[in-house]
Amino acid sequence: MTIPRRKMLLALPAVLPFGQALAQNNAPIRILVGAPAGGSTDTLARNLASEMGRQLGRTVVVENRPGAGGNIAADAVAKAAPDGNTLLMSFTSHAINASLYPSLPFDPIKDFTPLTCVATSPSILVANPSVPAKDVRELIALAKARPGQLNFAIGAVGSSLHLAGDAFKMQSGAYIVNIPYRGTAPALQDVLAGQVELMFAAVGNAQAQVRAGKLRALGVTSAKRLPAFPDVPAISEVLPGYESSAWFGLFGPGQMNPELAKKLSDAARHAIATPEVKKRLETEGAVPVGNSPEEFARFVQAEIPRWAKVVRFAGAKPE
């Protein structure tokens, strides 16, 4: 007689202890990434996957499902079985999209199990050298003297870099016009060419041009100065409380067994702490984190209302 699948699943814990059943699961673990291959989220996921697989004794693969600001991949994980075989490497948009999109096919809190924050990535405010402002204070004064005459290049509407600029405008009272692009690369190229004056860029994307003198670094979005740019002030030195770092985090589907969630979180955190992975993350301009599921859950819950204020100020709409 064939036993219904639901009854088999319910019966399994009575036959095998959970840890033993987990150890016998040899299926590949898929980490879905809601961004194209080669981007920061994809690169961080691949750096994590190989070492995480060694920690678990399992194959861990990365699968790209870009689109809708990461919502396509997130929706797939939200609807996946909470068996640990399907995970999500998400980014700041997981919190931003909660207010950016009028409706989502999932709940960004209830439908996911936070495992760990993998890394944060502060951005850097850069200007074409033709801009007369030499620092953030001078930029604010210039923008207020010339309202609407300076422009921010925006790599993607609704992205953390877009909202870093709007948070800057919200706190400084400066009026700077956003110029949207389809991607960071063309936006950065136009700033280099002097077509647009300003941009918030990921440190990894802009550091070579800053060091070559092709861009001027005005400030960093981290709470404190970055070791890579000790002479570049934190924007918070001029605008107290300003901070806007992108983050990358690992999630499972909601309702995941706590023991399974801990096992996956521990593997990811051990991977992040290895010298090899840590070095690769830092090369990408990221700051390794590896916090506990509880800490990461509290962080995500706080991020949603924080970004909602900026989305309302910006009046941003999904592309």
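Throughout, read-outs are computed from the coordinates displayed, never taken from laboratory work. In this text, all values refer to a predicted model and were calculated from it rather than measured experimentally. Neighbour counts are summed over all protein chains in view; Cβ atoms, including those assigned to glycine, are modelled from backbone coordinates with ideal geometry.
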Roughly how far apart, in whole Å, are the Cα centres of region 144-208 and region 285-303? 26 Å
Suppose R0 equals 30 Å; then what is the FRET efficiency for Lys214 and Glu237 from their Cβ-Cβ distance, rounded to the nearest 0.05? 0.75
Quick one: if you stick a label point 7 Å off each Cα along the C-beta vector at Ala185 and His270, how many nm between them? 3.8 nm
Rounded, prolate or oblate, given the Cα gyration tensor of region 135-253, with a/c below 1.5 counting as rounded? rounded
For helix 5-15, report the angle its Cα long axis makes with the longest principal axis of the Cα atoms of the chain; keep it between 0 and 90° and round to the nearest 10°. 80 degrees
Which value, in debye to the nearest 20, gives the size of the charge dipole of region 122-237 about its Cα centre, when Lys and Arg are +1 and Asp and Glu are -1 at the Cβ? 80 debye
Based on the Cβ-Cβ distance of Asn257 and Ala37, what FRET efficiency does E = 1/(1 + (r/R0)^6) give at R0 = 35 Å, to the nearest 0.05? 0.65
Pair Val177, Glu294: separation of 7 Å Cα→Cβ label points (nm): 5.2 nm
To the nearest 10 degrees, how steeply does helix 40-56 sit against the main Cα axis of the chain, on a 0 to 90 scale? 30 degrees
As I understand it, the dipole of the chain uses +1 on the Cβ of Lys and Arg and -1 on the Cβ of Asp and Glu, about the Cα centre. Which of Leu192, Leu56, Ala316 lies farthest toward its positive end? Leu56
Sequence neighbours fewer than 8 away in the same chain don't count; with that in mind, list the lysines whose C-alpha is under 17 Å from Lys79. Lys110
For the pairs Lys224/Lys263; Lys134/Lys278; Lys169/Lys317; Lys224/Lys262, note any where the Cα-Cα span goes beyond 25 Å. Lys224/Lys263; Lys134/Lys278; Lys224/Lys262
Would you please give the FRET efficiency between Lys309 and Lys279, computed as 1/(1 + (r/R0)^6) with r the Cβ-Cβ distance and R0 = 51 Å, to the nearest 0.05? 0.90
